[in-house]
Amino acid sequence: MTAEIMAFHSAYDDFETWSTALAREGVDLRRAESIDEPDRVRHALVWKPPHGFFSRFPNLGLVVNLGAGVDALVGRDDLPEVPITRLSDPKMSRMMAGYVLFAVMRHARDIPKFERAQRNKQWQYLHPRDPETITVGVLGLGELGMAAALECARQGYRVLGWSSTLKSVEGVTTSAGLPALEDILGESDIVVCMLPHTPQTRALLDAERFAQMKQGAAFINASRGTIVDESALIEALRSGHIGEATLDVFATEPLPADNPLWTMDNVLVTPHLASVPLPGSAARQIGENVRRLRDGRELLSRVDPGRGY
Ligand code: NDP
């Protein structure tokens with residue numbers, strides 16, 4: 001049998017780095033546009049490939065989404081009938097947990113207030129609060145969300161976690177399903193959104209949900225901007241009902257210059273980089289799945305396109 005090829009497409013990721021990392025796993029990665037023997041392509045490593053991309057490769061057996069969020073892939077009408085996997089990378093989870101912890105601590109330690117005071121040369125002493133008295137609600141307990149929740153628990157915050165199916169996690173009080181959402185929002189001083197974008201979560205956090213959050217609560221979104229009704233968030237931030245926000249993701253990216261979030265004093269905007277796949281560690285899982293596919297074994301981190309994540 002002729003050697004298998006993995007086709008690569010991404011406008012954001014460096015081909016050479018991925019190619020070197022995957023070569024260590026015995027995977028032959030090629031830029032999709034330079035492949036002249038498409039029938040040798042058995043796998044595709046892709047981030048937002050153009051429409052019709054997959055139809056060039058008649059022997060495709062696996063699509064690897066070059067990231068954890070698969071919403072841009074699973075909704076397409078040109079997907080081949082082959083397994084889809086997402087990246088699962090312990091370093092990616094750790095990077096996300098680090099971002100969420102940074103954002104949680106930023107609010108828990110009143111850093112935005114000190115930044116404002118510094119601009120006015122004000123020595124504004126605010127006595128630090130005991131982390132145990134601060135409740136952090138994490139919406140979404142997947143690979144990245146769970147790592148974030150555990151990191152917050154490790155710092156001593158009271159952590160509530162919410163998911164679709166009930167989880168049992170040491171150090172995190174868990175609940176599941178839509179009826180439980182109001183309680184978790186109402187109890188949290190800091191709400192962290194770690195949900196995937198699916199038809200069920202689209203605009204889930206709307207004006208009614210923001211109203212259910214505590215007066216002055218902080219809001220962190222590190223998963224997808226489309227889960228939030230952005231106008232409702234802006235209104236809640238303007239009224240002060242949501243006291244502060246740290247936002248890494250937005251309904252439209254890059255965030256348009258005329259979006260009010262850019263200039264709001266109580267908002268920190270970061271340009272969608274809370275976490276990124278790190279080829280050195282992520283390549284191991286891809287290599288393992290290539291071997292599993294070859295041997296007819298069950299694949300790791302398989303995505304359910306019907307469920308949307
Ligand atoms: P997973 O797909 O592993 O987990 C998703 C979690 O959300 C699960 O706990 C799931 O519940 C829960 N969930 C899904 N739908 C619902 C619902 N309708 N109601 C309640 N809970 C729900 O995701 P990850 O944790 O790995 O990643 C989360 C998101 O982070 C990704 O989808 C991606 O969009 C985003 N991301 C952002 C990055 C950035 O740089 N900002 C980088 C990488 C990813 P259950 O466990 O019961 O299925």
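Taking first residues from the stretch 129-158 that are under 15 Å from I220 (Cβ atoms) and partners that are in a helix (DSSP H, G or I) and of a type in the set (F, W, Y), the Cβ contacts under 9 Å between residues at least 6 apart in sequence or on separate chains come to A148/Y99.
In the set (1) polar (S, T, N, Q); (2) more than 15 Å from the ligand (Cβ to nearest atom); (3) assigned to a strand (DSSP E or B), the condition left unmet by S175 is number (2).
The C-beta contact set for the stretch 173-199 (first residue over 17 Å from I227 (Cβ atoms) and outside the structural domain of D248 (by TED's automatic domain parsing), second residue of a type in the set (S, T, Y) and buried (at least 21 other Cβ atoms within 10 Å of the Cβ), distance under 8 angstrom, 6+ apart or interchain) is empty.
When the residues of the stretch 247-287 are filtered to those that are outside any loop (DSSP other than H, G, I, E, B) and free of Cβ contacts under 8 Å to residues at least 24 places away in the same chain, the one that is nearest to R119 (Cα to Cα) is T263.
Results for (1) in contact with an Asp or Glu (Cβ under 8 Å, 6 or more places away or on another chain); (2) assigned to a loop (DSSP other than H, G, I, E, B); (3) not basic (K, R), shown as yes or no for each residue.
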site: A117; (1), (2), (3): no, no, yes
site: K121; (1), (2), (3): no, yes, no
site: C152; (1), (2), (3): no, no, yes
site: L160; (1), (2), (3): yes, no, yes
site: I184; (1), (2), (3): no, no, yes
site: P196; (1), (2), (3): yes, yes, yes
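Selection of the stretch 123-141 for residues being assigned to a loop (DSSP other than H, G, I, E, B) and crowded, with 19+ Cβ neighbours inside 10 Å yields I134, G140, L141.
Give the residues of the stretch 286-307 that are within 13 Å of the ligand (Cβ to nearest atom), of a type outside the set (D, E, K, R) and within 25 Å of K91 (Cβ to Cβ), sorted by residue number. Give the steps one after another, and end with the answer.
So the first thing to find is which residues in the stretch 286-307 are within 13 Å of the ligand (Cβ to nearest atom), and the list is 300-307.
Filter once more, so that each one left must be of a type outside the set (D, E, K, R): 300-301, 303, 305-306.
Passing the criteria: L300, S301, V303.
Here M92 clears all of (1) under 15 Å from V276 (Cβ atoms); (2) surrounded by fewer than 11 Cβ atoms within 10 Å (Cβ to Cβ) except the condition numbered (2).
Quick check on A232: is it without any contact (Cβ under 8 Å) to a residue 60 or more places away in the chain, outside any helix (DSSP H, G or I) and either buried (at least 18 other Cβ atoms within 10 Å of the Cβ) or among the β-branched types (V, I, T) (or both)?
Numbers: without any contact (Cβ under 8 Å) to a residue 60 or more places away in the chain: yes; outside any helix (DSSP H, G or I): no; either buried (at least 18 other Cβ atoms within 10 Å of the Cβ) or among the β-branched types (V, I, T) (or both): yes.
No, not satisfied.
Exactly one residue out of R158, R202, R129, R209 is closer than 18 Å to I242 by Cα and either assigned by TED's automatic domain parsing to the domain that holds R76 or of a type in the set (K, R) (or both): that is R209.
Each residue in the stretch 8-55 was checked for being part of a loop (DSSP other than H, G, I, E, B), out of contact with any strand residue (DSSP E or B) (no Cβ under 6 Å at 6 or more places or on another chain) and of a type in the set (D, E), and 5 of them qualify.
Out of everything in the stretch 56-88 that is out of contact with any strand residue (DSSP E or B) (no Cβ under 9 Å at 6 or more places or on another chain) and free of Cβ contacts under 8 Å to residues at least 40 places away in the same chain, what residue ends up being nearest to T198 (Cα to Cα)? Break it down into steps so the answer makes sense when it comes.
Narrowing the stretch 56-88 to residues out of contact with any strand residue (DSSP E or B) (no Cβ under 9 Å at 6 or more places or on another chain): 71, 75-78, 81, 88.
Subset that is free of Cβ contacts under 8 Å to residues at least 40 places away in the same chain: 76-78, 81.
Numbers: R76: 13, D77: 16, D78: 18, E81: 20 Å.
Result: R76.
Summed over the stretch 47-80, residues that are within 19 Å of the chain's Cα centre (by Cα), among the hydrophobic types (A, V, I, L, M, F, W, C) and either within 13 Å of the ligand (Cβ to nearest atom) or more than 16 Å from L29 (Cα to Cα) (or both) total 7.
The values are calculated or read from the model by the stated rules, or taken from the named source; none is laboratory data. Bear in mind that the values here come from a model prediction, so they are computed numbers and not experimental data. Glycine gets a Cβ as well: all are built from the backbone with ideal geometry, and neighbour counts include every protein chain shown.
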